[in-house]
Amino acid sequence: MTHPALDDALKHHFGFDGFRPLQREIVQALLGGRDVLALLPTGGGKSLCFQLPAVVDGGLTLVVSPLIALMKDQVDALQGNGIAATFLNSSIDARVATRRLDALDVGRYRLLYVAPERIVMPGFLERLARWNLRRIAVDEAHCVSEWGHDFRPEYRRIPELRARFAGVPLVALTATATQRVREDIERYLPLNDPARFVGSFNRPNLRYAVFEKRDAARQLVDWVAARGNQSGIVYGQSRQTAERLAQRLRAAGVAAVPYHAALPAEERARNQDLFIRDEVRVVCATIAFGMGIDKPNVRYVVHYDVPKNIEGYYQETGRAGRDGLRSDCVLFFNGGDAAKQRHFVRQIEDPHERDLAQRRLREMLDLAATPHCRRAHILRYFGERPESERCGNCDNCIAPPERIDATVAARKLLSCVYRISSRGGFSTGAHHVVDVLRGHATEKVLAWGHDRLSTFGIGSERSKDEWLFFVSELLREGMLEEDPLHRTLRLADDGLQALRDNREFAYAKPKAAGRAKKAAKVTAFAGGAADDDLFELLRRLRKRLADEQGVPPYVVFSDATLKELVAKRPTTQTEFRGVGGVGDVKLDRYGETFTAAISAYAASASGAAQAPHRNPSEGDDRA
């Protein structure tokens with residue numbers, strides 16, 4: 001198709017005035033009959049790459065997706081744009097499935113979403129052969145590779161689909177894939193001389209930050225409470241953490257729910273639905289259990305515990321800001337988290353798997369500790385050359401950290417841990433080590449004779465918080481090890497070698513040491529209260545319309561569209577169609593309602609501005 005024809009279809013069906021990077025090229029390759037490997041960042045518009053060909057080229061597009069909830073979200077969004085789409089999976093009963101199969105038999109749908117298991121169900125491929133299959137899309141294609149962060153064995157059955165429909169073009173899409181994973185995708189699916197498109201891993205609207213983890217639950221509550229009605233995801237390492245944080249947020253007046261594998265399926269689905277429909281603000285999830293969320297207005301992602309690798313971190317932070325608006329990605333971090341992760345890695349029995357996990361964890365810890373641009377660090381990890389070493393939108397670029405020469409402090413701390421262990425044959429916790437260093441003759445220090453150690457009192461010049469920070473950094477570097485059950489410290493082999501080698505140490509000064517101060521209130525607009533008020537009015541209108549239709553609010557309009565409506569304030573249908581995200585179906589469905597609301601708001605604001613001001617001290621001269 002020519003460029004103008006694709007542009008017209010893009011605006012008509014999806015309401016967009018232009019393509020994101022590489023979308024046009026991928027669409028054209030698919031329409032030209034090529035197999036395609038597309039690596040685009042989360043929020044980079046992967047879905048449109050197969051959805052637009054489906055509506056302009058007829059026939060059926062089969063979409064293989066690993067997450068049931070994500071299928072429903074995408075089908076809701078497509079139907080909201082007037083596009084005939086459906087899904088077949090275990091969440092629907094036999095009667096609904098029969099109706100959808102009958103509709104597929106008569107060519108009623110343009111897109112069909114299925115889980116990979118559906119491919120090998122008896123009779124499915126035979127029915128698919130009758131449905132005028134024009135293309136196949138494999139979403140989250142990294143699931144085919146054991147080197148991917150979310151390997152799904154059932155993805156290895158997709159070649160059976162390929163063999164049956166060898167002449168049908170296939171597009172494999174993923175947001176995160178190293179070179180080895182890309183090679184696996186091409187080999188296992190398999191792709192035939194594919195057109196390869198690798199987008200930038202840069203998400204310029206995401207602001208990355210790492211805060212020292214100290215009284216983290218309080219930090220989290222303050223940080224979330226400052227963000228008004230914004231939606232966010234909080235990731236924790238364990239199910240207990242997810243439950244505890246959700247409860248803590250609720251106690252602070254924040255609508256929050258947990259999400260993890262131990263919840264009954266019905267409760268998990270209900271909690272996810274509440275989040276998607278803006279009934280709750282925050283979902284607290286486990287790192288190990290992924291959510292199929294196509295919610296574009298997640299304004300922040302918080303990692304309460306450090307992830308195991310950068311691939312997982314990137315995938316999870318990528319759920320923020322999918323609408324292109326500014327969003328925050330925050331990691332609460334200390335060396336104790338690093339020690340726990342190292343302990344888990346050491347439990348891996350297979351030496352090859354253990355070495356791989358150790359390398360990936362070390363790369364993640366380096367990202368958490370770097371004093372340099374975090375965005376540049378992430379881009380280099382994925383093999384992309386950053387345009388600049390200062391992105392201007394991460395904590396280190398906004399406020400470059402001060403470097404601390406920690407050589408003397410580190411040697412004192414390592415020596416103290418060594419001498420405590422050598423004297424009694426047992427290890428102690430960090431707080432006891434700090435008491436010894438600072439010369440505090442506590443009951444335990446006296447009882448164990450640690451006041452007679454050569455290291456007693458040699459660190460009196462530093463505060464307790466400063467010493468705990470050095471403990472955290474030495475744990476992160478692997479100089480110290482911490483028993484995960486008893487939280488006791490011991491000198492690691494690398495720490496002993498560092499003492500022998502007189503190694504130098506330098507660290508970035510910690511951010512948010514101690515309890516974080518309550519953040520300033522975050523507003524949707526820098527332009528003032530009037531813009532915030534109109535945005536809130538339109539947000540409530542969107543929610544009412546979505547509830548009436550039984551769909552998530554973003555199916556009506558995204559936050560990005562609402563912000564553009566606030567900026568442009570259209571009052572005619574022509575002006576309304578010029579807003580991004582307004583296609584012809586949504587223009588017919590919502591145009592009059594939203595322009596009427598904007599006109600009424602403008603009239604109300606104008607009337608309030610023109611009302612005469614009367615000084616209360618003048619009295620009332622009415623009869």
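Coordinate-derived values only; no laboratory data. In this text, all values refer to a predicted model and were calculated from it rather than measured experimentally. Here Cβ is always computed from backbone atoms with ideal geometry, including for glycine, and neighbour counts include all displayed protein chains.
Between residue 485 and residue 589, take the C-beta separation as r, use R0 = 51 Å, and let me know the FRET efficiency to the nearest 0.05.
E(calc), rounded to 0.05, equals 0.30.
Let me test this: with uniform point scatterers at the alpha carbons of region 82-141, what is the Debye-based log₁₀ I(q)/I(0) at q = 0.26 1/Å?
Evaluating at q = 0.26 Å⁻¹ gives log10 I(q)/I(0) of -1.45.
Relative to the Cα centre, what is the charge dipole magnitude of region 3-198, using +1 at the beta carbon of each Lys and Arg, -1 at the beta carbon of each Asp and Glu, and rounding to the nearest 20 debye?
Rounded to the nearest 20 debye, it is 300 debye.
Give the cross-link partners of residue 509 among the aspartates and glutamates, using a straight C-alpha distance below 15 Å as the criterion and excluding same-chain residues fewer than 8 apart.
Of all the aspartates and glutamates, those that pass the test against residue 509 - Cα under 15 Å, at least 8 places apart if same chain - are 212, 395, 402, 405, 465, 466, 473.
Sorted by mean Cβ packing within 10 Å, highest first, what order do the peptides 300-311, 343-354 take?
Most protected by this proxy first, the peptides run 300-311, 343-354.
Among the aspartates and glutamates, which have Cα under 16 Å from the Cα of residue 568 when same-chain residues fewer than 8 positions away are ignored?
Reachable aspartates and glutamates: 17, 531, 532, 533, 536, 559, 592.
Could you tell me the convex hull volume per residue, in Å³, taken over the Cα atoms of region 384-466?
145 Å³
Calculate the radius of gyration of the Cα atoms of region 447-503 to one decimal place, then report Dmax, the largest Cα-Cα distance, as a whole number, both in Å.
Rg, Dmax (Cα atoms, Å): 12.7, 33.
Could you compute how fast the chain diffuses translationally, taking Rh as the Kirkwood radius over C-alpha pairs and applying Stokes-Einstein at 37 °C with viscosity 0.692 mPa s? Give it in µm² per second.
In µm²/s, the coefficient is 121.
Of all the C-alpha pairs in region 404-508, what % are more than 22 Å from each other?
So the pairs more than 22 Å apart make up 22 percent of the total in region 404-508.
Given H placed 1.01 Å from N in the peptide plane, which residues other than close sequence neighbours of residue 36 have an amide H under 5 Å from its amide H?
HN-HN under 5 Å from residue 36: 170, 171, 172, 195.
With a 10 Å Cβ neighbour count serving as the proxy for reagent exposure, in which order, fewest first, do 121, 479, 364 appear? Present the calculation step by step, with values, prior to reporting the outcome.
Values: 121 12, 479 26, 364 23.
Ascending Cβ contact count within 10 Å gives the list 121, 364, 479.
What percent does the relative contact order of the chain come to when contacts are Cα pairs within less than 8 Å and at least six residues apart?
This gives 15 percent for the chain.
Per residue and in cubic angstrom, what volume does the convex hull of the Cα atoms of region 206-401 have? Please report the intermediate quantities before stating the final value.
Details: hull volume 24.7 nm³, N = 196.
Convex hull of Cα atoms, per residue: 126 Å³.
Convex hull over the Cα atoms of region 3-198, averaged projected area in nm²?
Dividing the Cα hull surface by four gives the mean projection, 10.2 nm².
Work from the charge dipole of region 206-401 (Cβ charges, +1 for Lys and Arg, -1 for Asp and Glu, about the Cα centre) and give the residue of 257, 347, 381 farthest towards its positive end.
Sorting the options by dipole projection puts first 257.
What size of dipole, in debye to the nearest 20, comes out for the chain about its Cα centre when the only charges are +1 on Lys and Arg C-beta atoms and -1 on Asp and Glu C-beta atoms?
Magnitude of the dipole: close to 480 debye.
I'd like to know which of 13, 83, 70 lies farthest towards the positive end of the charge dipole of region 1-86, counting +1 on Cβ of Lys and Arg and -1 on Cβ of Asp and Glu.
Looking along the dipole axis, the top candidate is 70.
Give the residue from 574, 404, 551 lying farthest towards the positive end of the charge dipole for the chain; charges sit on Cβ (+1 for Lys and Arg, -1 for Asp and Glu) and the dipole is referred to the Cα centre.
Working it through, the farthest residue towards the positive pole turns out to be 404.
Quote the charge dipole size of region 64-106 about the Cα centre in Debye, to the nearest 20; the model charges only the Cβ of Lys and Arg (+1) and of Asp and Glu (-1). Display every interim value, and only then the final one.
Numbers: 4 positive and 5 negative charges, 11 e Å.
Here the size comes out at about 60 debye.
Would you mind checking 444/464; 213/295; 295/340 for any pair whose Cα atoms are more than 23 angstrom apart? Please report the intermediate quantities before stating the final value.
Details: 444/464 17 Å; 213/295 28 Å; 295/340 32 Å.
From 444/464; 213/295; 295/340, over 23 Å: 213/295; 295/340.
Dividing the convex hull volume of the alpha carbon atoms of region 190-283 by its residue count, what do you get in Å³ per residue? Let's see the in-between values first.
Working: hull volume 17.6 nm³, N = 94.
Spelled out: Cα convex hull of region 190-283, divided by residues, is 187 Å³.
Using a basic spin-label model with each label point 7 Å from the Cα along Cα→Cβ, how many nm lie between residue 349 and residue 380?
Here the modelled spin labels are 3.8 nm apart.
Most exposed first by the Cβ proxy, i.e. fewest other Cβ within 10 Å, how do 468, 101 rank?
Details: 468 22, 101 15.
Going from least to most buried by this count: 101, 468.
Go through 486-493, 191-198, 567-574 and give me the packing order, highest mean Cβ count within 10 Å leading. Could you put the intermediate results ahead of the total?
Working: 486-493: 17.6, 191-198: 15.9, 567-574: 13.6.
In descending order of packing, they fall as 486-493, 191-198, 567-574.
Between residue 422 and residue 461, what is the label-point separation in nm under the 7 Å Cα-to-beta-carbon projection?
2.3 nm
If you take the alpha carbon radius of gyration of region 164-224 and divide it by 2.2 N^0.38 Å, what ratio comes out, to two decimals?
It is 1.91.
Could you order the peptides 322-335, 582-595 from most to least packed, using the average number of other C-beta atoms within 10 Å per residue?
322-335, 582-595
Over the alpha-carbon set of region 529-610, divide Rg by the Kirkwood Rh and report the Rg/Rh ratio to two decimals.
Radius of gyration over Kirkwood radius for region 529-610 works out to 0.96.
Going through region 1-108, which trypsin sites (Lys or Arg not before Pro) have at most 13 other Cβ atoms within 10 Å and a DSSP loop state?
Within region 1-108, the qualifying trypsin sites (Lys or Arg not before Pro) (loop, at most 13 other Cβ atoms within 10 Å) are 108.
Roughly how many nanometres apart are two label points built 7 Å out from the Cα toward the Cβ at residue 567 and residue 451?
6.8 nm
Which three semi-axes in whole Å describe the equivalent ellipsoid of region 298-456, each the square root of 5 times a Cα gyration tensor eigenvalue, listed largest first?
Largest first, region 298-456 gives 38, 20, 15 Å.
In units of 2.2 N^0.38 Å, what is the alpha-carbon radius of gyration of region 291-382? If you can, show how the numbers build up before the last one.
Numbers: Rg = 14.4 Å, N = 92, 2.2 N^0.38 = 12.3 Å.
The reported ratio for this selection is 1.17.
Once you have the Cα-Cα distance between residue 496 and residue 215, take 0.36 nm times their residue separation minus that, and quote the gain in nm to one decimal. Show your work: numbers first, answer last.
Working: separation 281, 0.36 × 281 = 101.16 nm, distance 3.04 nm.
Answer, rounded to one decimal: 98.1 nm.
Given 20 °C and 1.002 mPa s, how large is the Stokes-Einstein diffusion coefficient of region 1-117 in µm²/s, with Rh as the Kirkwood radius over Cα pairs?
Once the numbers are plugged in, D ends up at 142 µm²/s.
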